[in-house]
Amino acid sequence: MTETVTGGDAAAATTDTTESEHPVSYAPSEDFARQANAGAELYQAAEQDRLAFWAEQAGRLHWHTPFQEVLDWSDAPVAKWFVGGELNVAYNCVDRHVHEGRGDQVAIHWEGEPGDSRDLTYSDLLAEVSRAANAFTDLGLVAGDRVAIYMPMVPEAIVSMLACARLGLTHSVVFAGFSSSALRSRIDDAQAKLVVTTDGQWRRGKAAPLKESVDEAVDGAESIEHVLVVQRTEIDTPWTEGRDLWWHETVGQASAEHEAQPFDSEHPLFILYTSGTTGKPKGIIHTSGGYLTQTAYTHHYVFDHKQGKDVYWCTADIGWVTGHSYIVYGPLANGATQVVYEGTPNSPDEHRHWNIVEKYGVTIYYTAPTLVRTFMKWGREIPDAHDLSSIRLLGSVGEPINPEAWRWFRDVVGGGTAPIVDTWWQTETGAIMVSPLPGITHTKPGSAQTPLPGISAKIVDDEAKPLGPGGNGYLVLDEPWPSMLRGIWGDMERYKDTYWSRYATEGWYFAGDGARFDDDGDLWVLGRVDDVMNVSGHRISTSEVESALVSHHGVAEAAVVGASDETTGQGIVAFVILRGGVENTGDELIAELKAQVSKEISPIAKPRQITVVPELPKTRSGKIMRRLLRDVAEGRDLGDTSTLVDPAVFDAISQANAK
């Protein structure tokens, strides 16, 4: 099979018409380039002396004690960055902005789902974090203890994270959509002493209980000493005297004065559990100095953030790494003014995000491809009804974005001018690794393009041979980086085996993503290697086929899996959602879609089966559960569906599949 550029601009390689319809790349405007934070000299500095480059980036932070050595890699694969340095992460995110005279600047424009809102200045945030730190200390917590945070997107969740960082407590944030058993496994693994939660959470206009899930989770959990509860919804809340405490009666009454103490650069800042499909969750460990250096650096340059001028909005949840790195730590270290929204994008209606953009004058908007495709499905007339002219930069995170969605995002949300930074990184990497720099990169729809200055990545084959332009293989990181994970909590052998065993001889990190270089040498992430299908000996990525399907005018979203096939090894099975108003013409539409894939990629990539479905099975973080779709495609009983937003979606899929 001839190699083609993944997805949309693959079409440029096959037909002249498509090339004339869509540019292959998009240069930044002269005005944007002129004012951009990053210029070509950033790459040059990193190339000349990588460690000196990172030492300079660490200089963005306040160090109580200067570091003596940039990197100690003698105990590989466990790195020590900024050795001997001491800092306080919360001081860097809050106190120093107040001390530098920016206390009256808004840190967080908080928007509640029911319509309530609250602005916290940096002075307000310092007072709240200090109160929480004093209250946590009064509960007997000391540096090194673990705290579980199980909360919706309320300001107190961010305050709790920062209070932990201030005291050297290692936090473990658990997404508030997870079950009580998921919370319990994370409490037990980390031996958390405190859970911070809310009485309930607002979801699409209704108050749903949350504290009851905590009660189930902590029942019999020997490590738990207290449960601290924020009153968010004022619903009836079960109570255990002596263990449960109200936030407003403890934190609310505590002193707003607290002096931050420095901790070693390698002090564990947080544990974040990655949800595997089976077995014990992996507690990814991130430490302080290196992590904060890289999150602050990437937030400044990738998002071209201008302190005191921009209004930044990352739509993630703090339960995921994106919320840790690009809501809490990176933006606050840089003194950002940002929007934090509690609810869903369609509460009370599909205009909610655009109303928020207008209300606060959002200039930088960072979201997930799955949400962009949802907006496409709802129709462009919704964003078109709003003044989105404040937006000057867009970002994408979480999975490869298909070129059709990329162009829609730029044209409809970005006014046809806003650069898009398509960012590749992982829970394990801690911060962005591969991304365009918006003032200098000619961005290509669907391509993450190039490792950031200071980051070294290769695409290699099974034999560890580096590949050049046109090469398709495995994405590896061949040099340590500041925000890298330092291990898996309590299981260093699993850490080595999971991430370092594939290329152990070379000492390279591999976390399971396939990638390819196009003929220009730009990098395209193809998704998980287990999302790469082997059809008659040809490697075809699911994202490649999904991209081709979504480039059809009638398709809003697509999910593709490889199902076993006696003839070809694997057959390609696709599930598609149609755009609003598009008629399902049955066999005629299916034939059109198969022809589209043949044209965009190759006849070899033509799906064996395409099913039109009303919804796709997604986890609460928005990831499509392809494992379960594979079960449907191969006629197996479904595996565990507990992490899905709506397990009932399978009834509709099974009915559609049976037709």
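The values are calculated or read from the model by the stated rules, or taken from the named source; none is laboratory data. From a predicted model like this one, the values you see are computed outputs, not experimental measurements. Quick reminder, even Gly has a Cβ in these numbers, built from the backbone with ideal geometry, and neighbours come from all protein chains shown. Remember, those area values only see protein heavy atoms, side chains included, never the ligands or the DNA or RNA. Shrake-Rupley method; radii C 1.70, N 1.55, O 1.52, S 1.80 Å.
Summary of values
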| item | result |
| --- | --- |
| Members of region 204-236 found to be open to solvent by less than 30 Å² (accessible area, probe 1.4 Å) and farther than 21 Å from Gly343 by Cα, listed by number | Ala217, Val218, Ala221, Ser223, Ile224, Val227, Leu228 |
| Residue among Lys659, Lys599 that is of a type outside the set (A, V, I, L, M), open to solvent by 50 Å² or more (accessible area, probe 1.4 Å) and modelled with pLDDT of 75 or more | Lys599 |
| Residues being modelled with pLDDT under 95 and in a helix (DSSP H, G or I) - total across region 144-188 | 7 |
| Among residues of region 75-111, those that are over 20 Å from Pro331 (Cα atoms) and touching a strand residue (DSSP E or B) at 6+ places or on another chain (Cβ under 9 Å), counted | 10 |
| Single unsatisfied condition, Ser390 versus (1) at pLDDT 95 or above; (2) crowded, with 18+ Cβ neighbours inside 10 Å; (3) more than 29 Å from Tyr495 (Cα to Cα) | (2) |
| Filter pass, Arg131 being farther than 17 Å from Trp247 by Cβ, open to solvent by 30 Å² or more (accessible area, probe 1.4 Å), of a type in the set (D, E, K, R) and in contact (Cβ under 8 Å) with a residue 40 or more places away in the chain | no |
| Of all residues making up region 476-491, the number that are open to solvent by 10 Å² or more (accessible area, probe 1.4 Å) and farther than 27 Å from Arg186 by Cα | 2 |
| Of the criteria (1) part of a strand (DSSP E or B); (2) at pLDDT below 95; (3) open to solvent by less than 60 Å² (accessible area, probe 1.4 Å), which one Asn534 fails | (3) |
| Lone qualifier among Thr542, Thr567 - being among the polar types (S, T, N, Q) and farther than 20 Å from Arg626 by Cα | Thr567 |
| Residues of region 393-406 that turn out to be assigned to a helix (DSSP H, G or I) and either at pLDDT 95 or above or among the hydroxyl-bearing types (Ser, Thr, Tyr) (or both), as a count | 1 |
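Each row is one residue, and each column tells you yes or no for (1) among the hydrophobic types (A, V, I, L, M, F, W, C); (2) under 24 Å from Thr450 (Cα atoms); (3) assigned to a helix (DSSP H, G or I); (4) open to solvent by less than 10 Å² (accessible area, probe 1.4 Å).
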position: Tyr326; (1), (2), (3), (4): no, yes, yes, yes
position: Leu332; (1), (2), (3), (4): yes, no, yes, yes
position: Pro345; (1), (2), (3), (4): no, no, no, no
position: Lys359; (1), (2), (3), (4): no, no, yes, no
position: Trp408; (1), (2), (3), (4): yes, yes, yes, no
position: Ala418; (1), (2), (3), (4): yes, yes, no, yes
